[in-house]
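Undergrad: Submitted below is the structure of interest, expressed as structure tokens.
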Amino acid sequence: MSLSIGSVAPLDHDYLRELRDLAHRVRPVWVSDHLCWTGVAGINTHDLLPLPLTEACLAHVAARVRVVQDVLGRPLILENPSTYLEFAASQMPEWEFLARLAEMTGCGLLLDVNNVYVSSVNHGFDPEAYIDAIPAERVVQIHLAGHTDRGTHLIDTHDHPVAAPVWRLYARAQARIGGAATLLEWDAHIPDYPDLLAELAKAKAARESNLPESEAISVTERKAVSTPVSYQLGYAAG
């Protein structure tokens, strides 16, 4: 997320050159980042801040993506973030913004299904409409994770098993995309390794339309903050 692709601050070309050189050395399959901004005037919030989904912002981000891709010499892969507020000025849903951005720039998409669900609950949109509208040919990877339910909103904490509604969305996405690689994210309260592998194995079952239910997994409580936003909202353990 260090690109801060949606920021109005100038792109950090020193960072881009270092990222390009690193990619040349390690030859990753993809170089990815989030559709967000993370700071301005040299200050990094270390969180994924949402964009106003407007025509002007789309043109701004597209221009920056083209520059990044020119420097890197490869397509940039952008991931949909989880969001907790929206801009009144927005003119289109996030899935339209991403689809048009991919068409304008040739960038790829990393579809985080849990983020789709978290944002859908927080903002009241149809998550299935999101999955159905994403250009399947642009999706190179899918992410899964658990979230925390705070009653009035969900937080993308990466410290729970994948929820049953997320598995349903994942199966729907894979049916459209046709078997994209899957990454399970689990950053805090990590369970024992066999339980972690069992959770990941559910993805294969879901791809075959055998939808798993979310189950309780024994985890070790740690005084860890899963995301900066959880700390800012006062949900840090201890």
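The values are calculated or read from the model by the stated rules, or taken from the named source; none is laboratory data. This is a predicted model, so every value here is computed, not measured. All Cβ positions, even for glycine, are placed from backbone atoms using ideal geometry, and neighbour counts span all protein chains on display. All accessible areas refer to the heavy atoms of the entire protein, side chains included, with ligands and DNA or RNA removed. Shrake-Rupley method; radii C 1.70, N 1.55, O 1.52, S 1.80 Å.
Undergrad: Quick query: amide H of residue 77 versus all other amide H atoms, modeled in the peptide plane; which residues come in under 5 Å with a sequence gap of 5 or more or a different chain?
TA: 31, 32, 33, 108
Undergrad: So how strong a dipole does the chain carry about its Cα centre when Lys and Arg Cβ are +1 and Asp and Glu Cβ are -1, to the nearest 20 debye?
TA: In debye, rounded to 20, the chain gives about 520.
Undergrad: Take every DSSP beta bridge whose two residues both sit in the chain, then give the antiparallel share in percent to the nearest 5.
TA: Just about 25 percent of them are antiparallel.
Undergrad: Something else about it: Sorting check: for 97-104, 14-21, 69-76, which peptide has the highest mean count of neighbouring beta carbons within 10 Å, and how do the rest follow?
TA: The packing order, highest mean first, is 97-104, 69-76, 14-21.
Undergrad: Let me ask you something else. Under a crude label model (7 Å from the Cα following the beta-carbon direction), how far is residue 104 from residue 70 in nanometres?
TA: Each label point lies 7 Å from its Cα, and together they span 1.6 nm.
Undergrad: Specify whether the C-alpha gyration tensor of the range 120-217 places it in the rounded, prolate or oblate class, a ≥ b ≥ c being the square roots of the eigenvalues: rounded for a/c under 1.5, otherwise prolate if a/b is larger than b/c and oblate if not.
TA: Judged from the Cα gyration tensor, the range 120-217 comes out oblate (a/c at least 1.5, b/c at or above a/b).
Undergrad: Something else: Taking amide H positions as placed 1.01 Å from N in the peptide plane, with prolines and chain starts having none, which residues 5 or more places from residue 150, or on another chain, fall under 5 Å of its amide H?
TA: Those qualifying (amide H under 5 Å, at least 5 residues apart or on another chain) are 155.
Undergrad: Could you derive backbone 3J(HN,Hα) for the range 53-60 from the dihedral phi with the Karplus parameters 6.51, -1.76 and 1.60 (θ = phi - 60°), listing whole Hz in sequence and x where the residue is Gly or Pro?
TA: These are the phi-based 3J(HN,Hα) values: 8, 10, 4, 5, 5, 4, 5, 4 Hz.
Undergrad: Please report the accessible area of residue 186 (heavy atoms, 1.4 Å probe, ligands and nucleic acids excluded) in Å², nearest 10.
TA: 30 Å²
Undergrad: Also, I was wondering about something else. Can you give the extra length, in nm with one decimal, that the chain gains between residue 55 and residue 200 once fully stretched, where that is 0.36 nm per residue apart less the Cα-Cα distance? If you can, show how the numbers build up before the last one.
TA: Numbers: separation 145, 0.36 × 145 = 52.20 nm, distance 3.83 nm.
Going from the current span to full extension adds 48.4 nm.
Undergrad: Could I ask something else about it? Work out from phi, with θ = phi - 60° and the Karplus expression 6.51 cos²θ - 1.76 cosθ + 1.60, the ³J(HN,Hα) of each residue of the range 12-22, listed in order in whole Hz, and give x for Gly and Pro.
TA: Karplus values, whole Hz, x for Gly and Pro: 7, 6, 5, 4, 4, 5, 5, 5, 4, 5, 4.
Undergrad: Right, another one. Check residue 182: other-chain or 5+ apart residues with amide H under 5 Å from its amide H, H built from backbone geometry?
TA: Correct list: 142.
Undergrad: If you average the alpha carbon positions of the range 152-203 and of the range 99-132, how far apart do those two centres end up, in angstrom?
TA: What the calculation gives is 16 Å, centre to centre.
Undergrad: Let me ask another. Residue 183 to residue 46: extension gain in nm, 0.36 nm per residue of separation minus the Cα-Cα distance?
TA: 47.2 nm
Undergrad: Using 0.36 nm per residue, how much length does the chain from residue 126 to residue 150 gain when fully extended, once their Cα-Cα distance is taken away?
TA: 6.7 nm
Undergrad: Once the Cα atoms of helix 164-177 and of the chain are each reduced to a long axis, what angle between those two axes, in degrees from 0 to 90 to the nearest 10, is obtained?
TA: The helix 164-177 is inclined about 50 degrees to the chain.
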